[in-house]
Amino acid sequence: MKKKNGIWRIPVLIVIFCVYFSPFYILTVISFKSATDLSSRWEFPAAPTLDNFRTAIEQGGILKALFHSFVIMVIAVLLIVVVGSLAAYPLARNKSKWNKVIKAFVMGIMMVPPLSILVSLYSIIVDMGGVNQYWGIIIILLTFELPQAIFLYSNFISSIPTALDEAAALDGCGPVRTFFLIIFPQLKSVTASVVILAGIHCWNDYQFSLYVLQSSEMSTVTLAISSFFSQTTSNLNAASAAALLAILPVVVCFLCLQKYFIKGMVDSAVK
Amino acid sequence: MNLFYIPALILFSIFVIYPLCKGIALSFTNWNGYSQTYKMVGLSNYTRMLTDKNVIRAFINTLIYGGMSTLLQNVLGLALALFLNQKFKGRAVTRTLVYLPVMIAPLIMGYVMYFFFSFNNGALNDLLAVFGKEAVDWLSDGKTAVAILTIVNSLQFVGISMVIYLAGLQGIADMYYEAADIDGATPLKKFRYVMLPLLQPAVTSSVTINLIGGLKLFDIIMALTSGGPGYDSHSLSTLVHRTYFASENAGYASAIGIITFLLIAVFSNLIVQYLKKKEVEM
């Protein structure tokens, strides 16, 4: 029991490594193979080529899709941060009966699976003229990411001493100024969590975008990739190159900011 | 100050509550999704569901995707957390590798998995060939397809459970283990009577997240099987999509959506209540 040697860990690590590394390996290999190279997907390309990336960019419009996704993500996340933290402030500070009802209502919204209301939500967006518009998809992402943001923010604001608000009130700050000048600057770490969680969801969204952004001109990354895979069944290599380009920004962000990603996940899960 | 949540409430009313009510209303009609006129058809959409083989199949599949993924992710997640909570070289890299797929769009993961499970030139069949085995058409059988989708979903998102359990494990003070040591507890008993009870809050969080994610499964199915072969691997989410767009039966799609909502709400609430009660008992 005292001195265990760690040899048994090696096979376990090899299995984990194989399972989790192979998808990235296969995707990369296929992206660099020419379409005529029919060797096993495990084999490294005999003559690595960048043609697939060229096809993905020129025919698949993947760069434009990356741009659309980026714009949608940035605006949606900004709005989520502002609307979410604003809504959380009174819910965390003023624990009246009415506010408790509101909080329970917001948590209840989290339970509503988007798919169960997609049909009527879609027809509402059609009526409002939001189909194929940035604002159409942004407002939906905003709505469905809000409950989690409100949850995270109100938990965090509860931990800030109310003395801070009172001091601001004594100095003559109204609630609006108190919030923006005193409270909001305290929220940096929880805002990092909100930005990361909401950002990933917006970037990876497929279900909402599929309904709202139907024109190929407005495709986001996920939509561009799915149309690539369904249209060019003969050219899976270019589709993989597109997929690789789509996940690259996320992977790089994750590797650089890993600490914050994990913290965000744990904050959102554990009260 | 209470006015601060007005923008959020307006958004929820317009884009969640109103569509929910409208969805309930539409579920009693025969609307096709685009025409101006439609008739009330009473409960017929709901009675039709009871005898619709495809809906029943999708209903069972949804329970499998939700239940089995939750089970797999928690068992594997806890195992990984226990393993990666030990000190050894390379554990940080391993944690990163396991958590990385959580960041990847499930849709893209589905397409990547297609390279593994496709019949021609599939990576798995190539591996079988190395061992001299016949190639298998993995996705041609409904039951296998459902199992593959469940496993792919579980392995992709097991990192969430792992991270939650790691945080839980790190929150357990050493003195509990020391006390158990003094009482002469075996490692197995320490796990069962010390660690598991103290991890109960982590179990609740992890199960809730996995369950809701699994019951909503959509992207991976769309990418890997599109619900096929036939209707065999549809979840309720993908079936709603198909019924609305391909079959142009918006009224029926709404009814399936409402039933899905009730299923998820009731099912996840029951489980959360049960787990919360267990937390209190501990």
TODO: State the number of residues belonging to the stretch A:169-187 that are out of contact with any Pro (no Cβ under 9 Å at 6 or more places or on another chain) and either assigned to a helix (DSSP H, G or I) or among the hydroxyl-bearing types (S, T, Y) (or both).
DONE: 13
Task: Pair list, Cβ < 7 Å and 6+ apart or interchain, from the stretch B:116-132 residues that are without any contact (Cβ under 8 Å) to a residue 60 or more places away in the chain to residues that are of a type in the set (F, W, Y) and part of a loop (DSSP other than H, G, I, E, B) - done: B:A123/A:W42; B:N125/B:F119; B:D126/A:W42
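From the set of residues in the stretch A:115-147 that are outside any helix (DSSP H, G or I) and not β-branched (V, I, T), which is surrounded by the most Cβ atoms within 10 Å (Cβ to Cβ)? Steps first, answer last, please.
First, the residues of the stretch A:115-147 that are outside any helix (DSSP H, G or I): A:129-133.
Still in the running and not β-branched (V, I, T): A:129-130, A:132-133.
Values: A:G129: 10, A:G130: 18, A:N132: 14, A:Q133: 16.
That would be A:G130.
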Open item on the list: Filter the stretch B:241-260 down to the residues that are at the interface with chain A (Cβ under 10 Å from one of its Cβ atoms) and either within 22 Å of A:I225 (Cα to Cα) or aromatic (F, W, Y) (or both) and list them by number.
Closed with: B:H241, B:Y244, B:F245, B:Y252
Open item on the list: Six or more apart or on different chains, Cβ atoms under 9 Å: show the pairs whose first residue is in the stretch A:45-65 and aromatic (F, W, Y) and whose second is assigned to a helix (DSSP H, G or I).
Closed with: A:F53/A:S31; A:F53/A:F32; A:F53/A:I62; A:F53/A:A238; A:F53/A:A241; A:F53/A:A242; A:F53/A:L244; A:F53/A:L245
Task: Qualifying residue in the stretch A:60-79 (condition: modelled with pLDDT of 90 or more, within 8 Å of chain B (Cβ to nearest Cβ), more than 30 Å from B:I17 (Cβ to Cβ) and out of contact with any Lys or Arg (no Cβ under 9 Å at 6 or more places or on another chain)) - done: no
TODO: Kindly check whether there is at least one residue in the stretch B:68-80 that is in contact with a helix residue (DSSP H, G or I) (Cβ under 8 Å, 6 or more places away or on another chain), more than 8 Å from chain A (Cβ to nearest Cβ) and not in a helix (DSSP H, G or I).
DONE: no
- [ ] Please enumerate the residues belonging to the stretch B:31-63 that are surrounded by fewer than 15 Cβ atoms within 10 Å (Cβ to Cβ), in contact (Cβ under 8 Å) with a residue 60 or more places away in the chain, out of contact with any Ser or Thr (no Cβ under 7 Å at 6 or more places or on another chain) and outside any helix (DSSP H, G or I).
- [x] B:Y34
Task: Residue identified as without any contact (Cβ under 8 Å) to a residue 12 or more places away in the chain and in the same structural domain as A:L210 (by TED's automatic domain parsing) among A:S85, A:S69, A:S120 - done: A:S120
- [ ] State all residues of the stretch B:66-101 that are within 22 Å of A:N5 (Cα to Cα) and of a type in the set (S, T, N, Q); if no residue qualifies, say none.
- [x] B:N85, B:Q86, B:T94
- [ ] Look at A:E145 and say whether it is more than 18 Å from A:A92 (Cα to Cα) and either touching a residue at least 24 places away in the same chain (Cβ under 8 Å) or out of contact with any strand residue (DSSP E or B) (no Cβ under 8 Å at 6 or more places or on another chain) (or both).
- [x] yes
Open item on the list: Exactly one of these conditions fails for A:F32: (1) closer than 21 Å to B:V112 by Cβ; (2) out of contact with any Ser or Thr (no Cβ under 8 Å at 6 or more places or on another chain); (3) not assigned by TED's automatic domain parsing to the domain that holds A:F184. Give me its number.
Closed with: (2)
- [ ] Output the number of the condition that A:I196 fails; it satisfies all remaining conditions of (1) in contact (Cβ under 8 Å) with a residue 60 or more places away in the chain; (2) within 19 Å of A:L115 (Cβ to Cβ).
- [x] (2)
TODO: Among what's in the stretch B:218-244 and is more than 19 Å from the chain's Cα centre (by Cα) and surrounded by fewer than 17 Cβ atoms within 10 Å (Cβ to Cβ), pick the residue that is modelled with the highest pLDDT.
DONE: B:P229
- [ ] Would you check if there is a residue in the stretch A:210-218 being more than 30 Å from A:T49 (Cβ to Cβ), within 11 Å of another protein chain (Cβ to nearest Cβ) and in contact (Cβ under 8 Å) with a residue 24 or more places away in the chain?
- [x] yes
TODO: Please state which one of A:K95, A:K64, A:K100 is under 26 Å from B:F267 (Cα atoms) and over 18 Å from the mean Cα position of the chain (by Cα).
DONE: A:K100
Task: Given (1) aliphatic (A, V, I, L, M); (2) within 20 Å of the chain's Cα centre (by Cα); (3) more than 11 Å from chain B (Cβ to nearest Cβ), index of the condition A:V131 fails - done: (2)
Open item on the list: If a residue counts only when it is without any contact (Cβ under 8 Å) to a residue 24 or more places away in the chain, which helices (runs of 4 or more DSSP H) contained entirely in the stretch B:211-282 have at least 3 such residues?
Closed with: B:236-245, B:250-281
Task: Residue list for the stretch A:223-234, restricted to those being surrounded by 24 or more Cβ atoms within 10 Å (Cβ to Cβ) and under 20 Å from A:G136 (Cα atoms) - done: A:A224
Task: Unique match (being surrounded by fewer than 23 Cβ atoms within 10 Å (Cβ to Cβ) and touching a Ser or Thr at 6+ places or on another chain (Cβ under 8 Å)) among B:I148, B:I212, B:I164 - done: B:I212
Open item on the list: Go through the stretch B:196-209 and report how many residues are part of a helix (DSSP H, G or I), more than 10 Å from every other protein chain (Cβ to nearest Cβ) and crowded, with 19+ Cβ neighbours inside 10 Å.
Closed with: 2
Open item on the list: Name the residue that is surrounded by the fewest Cβ atoms within 10 Å (Cβ to Cβ), counting only residues in the stretch A:235-247 that are more than 11 Å from every other protein chain (Cβ to nearest Cβ) and in a helix (DSSP H, G or I).
Closed with: A:A238
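The values are calculated or read from the model by the stated rules, or taken from the named source; none is laboratory data. No experiment lies behind these values; they were computed from the predicted model shown. Note that each Cβ is placed from the backbone with ideal geometry, even for glycine, and that neighbours are counted across all protein chains shown.
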